[in-house]
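Remarks on the structure that follows.
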Amino acid sequence: MKSYKNLYKEFVSEGNIRTAVRLSSLGKRSRSKVRKYYEHPENHIKDLQRYATHFHNAKHSPKEIYDGIRRKKRKIVVPTYREQIIHHMCVNILKPIFMKGMYEHSYASIPNRGAHRAKKFIERWIRKDLKNTKYCLKMDIRKFFESVPHDILKKKLARIIQDDDFLKVMFEIIDATESGLPIGFYTSQWLANWYLQNLDHYIKERLGAKYYVRYMDDMVILGSNKRKLHKMRLSIVDFLHGEGLEMKDNWRIFRITEKTDLDFMGFRFFRNRTTLRRSIFLKARRKARRIAKKAKATTYDARQMLSYLGWLDCTDTYNAYLKYIKPYIDFGYLKLKISTYDRRRIACGN
């Protein structure tokens, strides 16, 4: 296993800080606290270097949100903007290290990947290799982010990172919560994905899964034999136990047909078509009706509706779109509204 040294010097370098300020400010440059860093980063380099050297987490009060894709309530921790800069500084250092061993079909929170890319592979697999995708094992991890053990995670990091100063910062961020990884920290999604890398390689190389995809802690294995999938599941349970994690009880092994679907990442995969999860389509439909009742759609409305259009465009829901969405929405107008808004922001330097 390769180890990495002398990371701290790069971590606190002026170039890394400037990059972190630019990335952490995306979508927030209209805020006064953010703008002062983005417009004049050179005025804050020394201060941020001192802050990083003596970094300590701020006190946070978790907030509860509803995750529509996963259909569950989550508690998130919102870091201060200066903390966000430090988090981006850390990820800038960790990203090339973590990406070297990243499983090719792990899709959540990874640049140039995502649900739409994963969708293409799943469709290809279940439509071109019916024999080896006859059955599906679908599973996820019980309270994954909240369950990642700090001691095991720190040991894993210490094995590959031979830099005490950089590890000190990482350990401080990890200890922002008493247990697990705080949802809302940019570092958490990278640490969580990396924590499951060994599981990915175990499933592919030791268990011999031909078709396996992971979207954070949601996992799908496709196979030709139900009994083999049951054996794989038991082996995965044991592996997770060794990592301090536990598989949820709602795992399923079932057959994919033209009538029985795989519900995954907000999509419903059938043998001959892919549709949207009903709850997502209903949200898009309700949003379209609410916008139609307004005298003027806001920029936020436009972005939300165009996001739904991205889902609709890549699924077999055209007839439903024509009936329930198109009569209420002028997508050409919404696209023009967003492009006009973005041009103005660029012209203002935001």
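Would you check which residues across the stretch 316-334 are of a type in the set (A, V, I, L, M), assigned to a helix (DSSP H, G or I) and under 28 Å from the mean Cα position of the chain (by Cα) and list them?
Kept after step one, since they are of a type in the set (A, V, I, L, M), are these residues of the stretch 316-334: 320, 322, 325, 329, 334.
Restricting the remaining residues to those that are assigned to a helix (DSSP H, G or I) gives 320, 322, 334.
The answer is 334, and nothing else.
With respect to the conditions (1) open to solvent by 20 Å² or more (accessible area, probe 1.4 Å); (2) in contact (Cβ under 8 Å) with a residue 60 or more places away in the chain, residue 344 lacks only one, and its number is (2).
I'd like the full set of residues that are over 13 Å from residue 333 (Cβ atoms) and either of a type in the set (Phe, Trp, Tyr) or surrounded by 13 or more Cβ atoms within 10 Å (Cβ to Cβ) (or both), limited to the stretch 291-305. Residues satisfying the conditions are 300, 303, 304.
Of the residues examined, residue 181 is one that is at pLDDT 95 or above, within 13 Å of residue 150 (Cβ to Cβ), hydrophobic (A, V, I, L, M, F, W, C) and not in a helix (DSSP H, G or I). For the stretch 134-174, which residues satisfy the criterion of being part of a helix (DSSP H, G or I), touching a residue at least 24 places away in the same chain (Cβ under 8 Å) and within 28 Å of residue 212 (Cα to Cα)? Those that are part of a helix (DSSP H, G or I), touching a residue at least 24 places away in the same chain (Cβ under 8 Å) and within 28 Å of residue 212 (Cα to Cα): 144, 145, 146, 147, 150, 152, 153, 156, 159, 160.
Condition check ((1) surrounded by fewer than 22 Cβ atoms within 10 Å (Cβ to Cβ); (2) touching an Asp or Glu at 6+ places or on another chain (Cβ under 8 Å); (3) at pLDDT 95 or above) across all residues:
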position	(1), (2), (3)
191	no, no, yes
201	yes, no, yes
212	yes, yes, yes
233	yes, no, yes
240	yes, yes, yes
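For the stretch 315-340, which residues satisfy the criterion of being touching a residue at least 12 places away in the same chain (Cβ under 8 Å), under 13 Å from residue 281 (Cβ atoms) and surrounded by 15 or more Cβ atoms within 10 Å (Cβ to Cβ)? Passing the criteria: 315, 317, 320, 324, 325. With respect to the conditions (1) over 19 Å from the mean Cα position of the chain (by Cα); (2) surrounded by fewer than 21 Cβ atoms within 10 Å (Cβ to Cβ), residue 169 lacks only one, and its number is (2). When 224, 235, 279 are checked against the criterion of being hydroxyl-bearing (Ser, Thr, Tyr) and under 30 Å from residue 179 (Cα atoms), 235 stands alone in meeting it. Of the candidates 151, 217, 163, the single residue that is charged (D, E, K, R), over 20 Å from the mean Cα position of the chain (by Cα) and buried (at least 19 other Cβ atoms within 10 Å of the Cβ) is 163.
Residue 265 meets the stated requirement of being open to solvent by 10 Å² or more (accessible area, probe 1.4 Å), in contact (Cβ under 8 Å) with a residue 12 or more places away in the chain and of a type in the set (A, V, I, L, M, F, W, C). With the structure loaded, tell me whether residue 344 is part of a helix (DSSP H, G or I), over 28 Å from residue 108 (Cβ atoms), modelled with pLDDT of 95 or more and over 28 Å from the mean Cα position of the chain (by Cα) or whether it fails that test. In short, no. If you go through the stretch 244-262 and keep only what is farther than 17 Å from residue 122 by Cα, in contact with a Leu (Cβ under 7 Å, 6 or more places away or on another chain) and open to solvent by less than 30 Å² (accessible area, probe 1.4 Å), you end up with just 247. Here the helices (runs of 4 or more DSSP H) wholly within the stretch 3-105 that include at least 1 residues being within 25 Å of residue 171 (Cβ to Cβ) and within 19 Å of the chain's Cα centre (by Cα) are 14-24, 81-99. Among the residues of the stretch 106-120, which ones are open to solvent by less than 10 Å² (accessible area, probe 1.4 Å) and more than 15 Å from the chain's Cα centre (by Cα)? Within the stretch 106-120, no residue meets the criteria.
The values are calculated or read from the model by the stated rules, or taken from the named source; none is laboratory data. In this text the structure is predicted, and so the values were computed from the model without any measurement. With ideal geometry, Cβ positions are generated from the backbone for all residues, glycine too; neighbour counts draw on all protein chains shown. Protein only, heavy atoms only, side chains kept; ligands, DNA and RNA dropped before computing areas. Shrake-Rupley method; radii C 1.70, N 1.55, O 1.52, S 1.80 Å.
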